[in-house]
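*Asks:* Got a structure here, written out as structure tokens. Questions coming.
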Amino acid sequence: MGLASFLGAIDTASRSLSVVNRSAPDPVQRMLETTFADQPVDVDELSDDARGDDVVVLTEQTAEGHEVVATSPLEEVMNSVLLVNSDLYKTGQAKLDEFELPSVLTRLDDVPFSLRGYPESDKEKLLLVAISRYIERHAWRAGNGRLRSSFQRLSRIEDERGTRAVYKKVASTDVQTHIYGIPDWSPPTNSNLVTHGGYTDDFYDSWFVVYTPPEDESVEAEPGDRTAASDERLDDVEPDQPVALLALETEPKRWEGYWTFRPSLVSDIDRYISRNM
């Protein structure tokens, strides 16, 4: 049981990323393909006179055929994942109030990922790092509700300058900010962070970032009700949209997980954490 019981809670979506009318160098295409290698997301490229150059299109296979879920400039994908490393987030260079993720990445929700960390891969795990920051920013922008985040070791808050700055900023709002991990560090007495320490597998192996809005503001619509996101709307969810990332380290430096906007699933994950950690 435990958090591992939620790994099978999604119905796998069939999604594809297409780079349209690429003029960027070949290595950019190879980096995108490598980032999603061995994942249930196909990556290809095509020409389309109806679109401009260097556009990434996310589509989903449905009973009616391929439907466009989101489009984003290739440059946005390059600058958020392909051409950066995790130090951008750890050191605070990716500032919370300036951070954006292209919709073709955020809308890969309900897709199960199996990712490797460094040194086996220097890009795969970065996708989860970026989504984590996206959810943290979503909570900060909402300004209320509740954020629950796990770090395996609580001392990561202290060790990573960028992470420390993000959580100080989120906790300075009306967002109830809960952090979870092995209790090897305590925040200052004047901190608004609420710490939860433990030594079970859920503490040792989990990576979650879960945002829930105030109960009277939570949206009811499932992600399928959202319209396709364009490159003009990088944050294509409402401020009161629940969202959760959940991943577990099933082997050293290997992570299985997903992120979801489904209110009922986010609520179930949040409730489990509240009652068991």
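*Asks:* Over the range 90-221, what portion of Cα pair distances is larger than 27 Å, expressed as a whole percent? Numbers along the way, then the final one.
*Replies:* Numbers: 1542 of 8646 pairs.
Here the long-distance tail beyond 27 Å is 18 percent of all Cα pairs in the range 90-221.
*Asks:* How do V129, V69 rank when sorted from fewest to most other Cβ atoms within 10 Å of their own Cβ?
*Replies:* Numbers: V129 18, V69 24.
Going from sparsest to densest Cβ surroundings: V129, V69.
*Asks:* Considering only DSSP beta bridges with both partners in the range 87-211, what is the antiparallel share in %, to the nearest 5?
*Replies:* Details: 3 of 13 bridges.
Around 25 percent antiparallel, to the nearest 5.
*Asks:* Can you tell me the dipole magnitude for the range 28-145 around its Cα centre, using point charges on the Cβ only (Lys, Arg +1; Asp, Glu -1), in Debye to the nearest 20? If you can, show how the numbers build up before the last one.
*Replies:* Values: 11 positive and 24 negative charges, 150 e Å.
With Lys and Arg at +1 and Asp and Glu at -1, about 720 debye.
*Asks:* Right, another one. If you place +1 on the Cβ of every Lys and Arg, -1 on the Cβ of every Asp and Glu, and leave all else neutral, what size is the dipole of the chain about its Cα centre, to the nearest 20 Debye? Provide the component values of the computation, followed by the final result.
*Replies:* Numbers: 28 positive and 51 negative charges, 265 e Å.
Value, rounded to 20: 1280 debye.
*Asks:* Something else: Positive end of the charge dipole of the chain (Lys, Arg +1 and Asp, Glu -1 on Cβ, about the Cα centre): tell me which of T35, H196, P25 has its Cα farthest that way.
*Replies:* Checked the options; the winner is H196.
*Asks:* I'd like the distance between the alpha-carbon centres of the range 241-277 and the range 7-80, rounded to an integer number of Å.
*Replies:* The two parts, judged by their Cα centres, are 25 Å apart.
*Asks:* Here is a further query. Output the DSSP H helices from the chain with an along-axis C-alpha extent of no less than 18 Å and a mean Kyte-Doolittle hydropathy no less than -1.0.
*Replies:* TM-like helix candidates: 124-142, 263-276.
*Asks:* Right, another one. Return H66, H138 ranked ascending by Cβ neighbour count within 10 Å, so the fewest neighbours appear first.
*Replies:* Working: H66 14, H138 22.
Ranking H66, H138 by Cβ neighbours within 10 Å, fewest first, gives H66, H138.
*Asks:* Starting from the Cα gyration tensor of the range 19-86, multiply each eigenvalue by 5, take the square root, and state the resulting semi-axes largest first in whole Å.
*Replies:* On the way: eigenvalues 81, 50, 23 Å².
After scaling each eigenvalue by five and taking roots: 20, 16, 11 Å.
*Asks:* Mind checking which of Y167, I182, W259 is farthest towards the positive end of the chain's charge dipole, using Cβ charges of +1 (Lys, Arg) and -1 (Asp, Glu) about the Cα centre?
*Replies:* I182
*Asks:* Among the lysines in the chain, how many pairs, 8 or more places apart or on different chains, have alpha carbons under 18 Å apart?
*Replies:* Final tally of qualifying lysine pairs is 9.
*Asks:* Kindly rank 37-48, 170-181 from highest to lowest mean number of other beta carbons found within 10 Å of each residue.
*Replies:* On the way: 37-48: 13.4, 170-181: 19.8.
Highest-to-lowest ranking by the protection proxy: 170-181, 37-48.
*Asks:* Okay, moving on. Considering every Cα-Cα pair within the chain, what fraction, in whole percent, is farther apart than 23 Å?
*Replies:* Result for the distance tail: 52 percent.
*Asks:* Rank S155, V55, P73 by how far each Cα sits towards the positive end of the charge dipole of the chain (+1 on Lys, Arg Cβ; -1 on Asp, Glu Cβ) and give me just the farthest.
*Replies:* Going by the Cα projections, it comes out as S155.
*Asks:* Follow-up question, since we're still on this one. I need the calculated FRET efficiency for the pair D44 and N190, taking r as the beta carbon distance and R₀ as 45 Å, to the nearest 0.05.
*Replies:* On the way: r = 52 Å, r/R0 = 1.17.
About 0.30, to the nearest 0.05.
*Asks:* To continue, here is another question. For the range 7-143, what is the convex hull volume of the alpha-carbon atoms per residue, in Å³?
*Replies:* Working: hull volume 18.6 nm³, N = 137.
Normalising the Cα hull of the range 7-143 by residue number yields 136 Å³.
Values in this text are rule-based calculations from the coordinates and carry no lab data. Bear in mind that the values here come from a model prediction, so they are computed numbers and not experimental data. Counting neighbours? That spans all protein chains shown, and the Cβs are built from the backbone with ideal geometry, glycine included.
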